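Here's the structure, in structure tokens; my notes come after.
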Amino acid sequence: MDRQYHALPIRELGEEAGLRRPTQAQAARVTLESAALEVMTDLLRTSPATIRPQAPIEGANQFMISRGVRLLLVVDEHETVQGVLTASDVLGEQAMRVSMDRGMKRGELTVGDIMTPAARVEVLALADIEGTRVGHVLETLRRAGRQHALVVDYEVIPPKRLIDAPLKRTMVRGIFSISQVARQLGVSLQSVGEVARTFSEIEAALRR
């Protein structure tokens, strides 16, 4: 090794040190006529907030708060999506109803007990979104009475045998969130909870 390398200075971490976290680029301001993809959280650029079905619901609630999200993708150890969990599931009537039906305390419930299973999660296809506008996204969420929508694309899996047809696997590609859309529209929501009230606030703000 001809080149001489000098040792780098070593310092003390000290007390009260913080921790860097990945940050998403500042979301651009949009209008109702902006491209819908501008308000989609693209999972090719931003890691989603995920949780295991065995996690306790109180832990899930704290995780949502720490990540600043209201939806978690529930995945297994193979990263296969098992379902979705929203803040409304945890804080609303769903958790209470399940605990009463099963004779369990609310604190004993796990994410898997109250999540919406993958088979029942309705999604939007990325191909259907391309070319649409933010207004289309808002109207879709309003009619569905939801604050979130998953966006999927598809992965082609080569067949094991030449005579077999290739398989197509659904992949979660993005997430639409009403609070994210409102933020990019420049609307400050007073509360994110009841869907009808949330849309009323957005509509009132956009009429000003």
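Can you find even one residue in the range 53-61 that is outside any helix (DSSP H, G or I) and closer than 22 Å to Val152 by Cβ?
Of the residues in the range 53-61, the ones outside any helix (DSSP H, G or I) are 53-56.
From what's left, closer than 22 Å to Val152 by Cβ: 53.
Scanning the range 53-61, I find at least one residue that is outside any helix (DSSP H, G or I) and closer than 22 Å to Val152 by Cβ, so the answer is yes.
Which residues, counting only those in the range 89-110, are part of a loop (DSSP other than H, G, I, E, B) and more than 13 Å from Ala55 (Cα to Cα)? Reasoning before the result, please.
Our first condition is that a residue be part of a loop (DSSP other than H, G, I, E, B); within the range 89-110, this holds for 92, 103-105, 109.
Within the range 89-110, Gly92, Gly103, Met104, Lys105 meet the criteria.
Being in contact with a strand residue (DSSP E or B) (Cβ under 6 Å, 6 or more places away or on another chain), within 14 Å of Val172 (Cβ to Cβ) and either hydroxyl-bearing (Ser, Thr, Tyr) or assigned to a loop (DSSP other than H, G, I, E, B) (or both), is that true of even one residue in the range 118-139?
Yes, the conditions are met somewhere in the range 118-139.
Just need a number here: residues in the range 89-120 that are over 24 Å from Asp76 (Cβ atoms) and among the aliphatic types (A, V, I, L, M).
The qualifying residues number 3.
Within the range 67-87, is even one residue out of contact with any Pro (no Cβ under 9 Å at 6 or more places or on another chain), hydrophobic (A, V, I, L, M, F, W, C) and part of a helix (DSSP H, G or I)?
Yes, the range 67-87 contains a residue that is out of contact with any Pro (no Cβ under 9 Å at 6 or more places or on another chain), hydrophobic (A, V, I, L, M, F, W, C) and part of a helix (DSSP H, G or I).
Taking the criterion of being touching a residue at least 40 places away in the same chain (Cβ under 8 Å), assigned to a strand (DSSP E or B) and under 29 Å from Glu130 (Cβ atoms), would at least one residue in the range 186-201 satisfy it?
no
Here is a yes/no grid of residues against (1) open to solvent by 70 Å² or more (accessible area, probe 1.4 Å); (2) more than 19 Å from Asp42 (Cβ to Cβ):
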position: Arg102; (1), (2): yes, yes
position: Glu108; (1), (2): yes, yes
position: Met115; (1), (2): no, yes
position: Val121; (1), (2): no, no
position: Val156; (1), (2): yes, yes
position: Asp164; (1), (2): no, yes
position: Leu167; (1), (2): yes, yes
position: Ser177; (1), (2): no, no
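Right, Ala55: surrounded by 14 or more Cβ atoms within 10 Å (Cβ to Cβ) and either modelled with pLDDT under 90 or among the small types (Gly, Ala, Ser) (or both) or not? Working first, answer last.
Numbers: surrounded by 14 or more Cβ atoms within 10 Å (Cβ to Cβ): yes; either modelled with pLDDT under 90 or among the small types (Gly, Ala, Ser) (or both): yes.
Spelling it out, Ala55 is indeed surrounded by 14 or more Cβ atoms within 10 Å (Cβ to Cβ) and either modelled with pLDDT under 90 or among the small types (Gly, Ala, Ser) (or both).
Anything in the range 8-45 that is closer than 27 Å to Tyr154 by Cα, in a loop (DSSP other than H, G, I, E, B), at pLDDT 90 or above and among the polar types (S, T, N, Q)? List them, or say none.
Passing the criteria: only Ser34.
Charged (D, E, K, R), within 16 Å of Ala87 (Cα to Cα) and at pLDDT 90 or above, is that true of Asp113?
Numbers: charged (D, E, K, R): yes; within 16 Å of Ala87 (Cα to Cα): yes; at pLDDT 90 or above: yes.
The answer is yes for Asp113.
Pairs only if they're at least six apart or on different chains, beta carbon under 7 angstrom, first in the range 124-149 and on the phi > 0 side of the Ramachandran plot, second at pLDDT below 95 and assigned to a helix (DSSP H, G or I); list them, first residue then second.
Gly145/Val195
Quick check: anything in the range 71-92 open to solvent by 30 Å² or more (accessible area, probe 1.4 Å), hydrophobic (A, V, I, L, M, F, W, C) and more than 30 Å from Ser34 (Cβ to Cβ)?
So far as the range 71-92 goes, yes, one or more of its residues are open to solvent by 30 Å² or more (accessible area, probe 1.4 Å), hydrophobic (A, V, I, L, M, F, W, C) and more than 30 Å from Ser34 (Cβ to Cβ).
From the list Asp153, Asp113, exactly one residue is assigned to a helix (DSSP H, G or I) and either free of Cβ contacts under 8 Å to residues at least 60 places away in the same chain or among the aliphatic types (A, V, I, L, M) (or both). Which is it? Before you say what the answer is, go through the steps one by one.
Values: Asp153 fails: assigned to a helix (DSSP H, G or I).
Criteria check complete, one pass: Asp113.
The values are calculated or read from the model by the stated rules, or taken from the named source; none is laboratory data. Please read all numbers here as calculations on a predicted model, not as lab measurements. As a convention, Cβ positions derive from the backbone with ideal geometry for all residues, glycine included, and neighbour counts pool all protein chains shown. Each accessible area value is taken on the protein alone, full model and side chains, heavy atoms only, with ligands, DNA and RNA left out. Shrake-Rupley method; radii C 1.70, N 1.55, O 1.52, S 1.80 Å.
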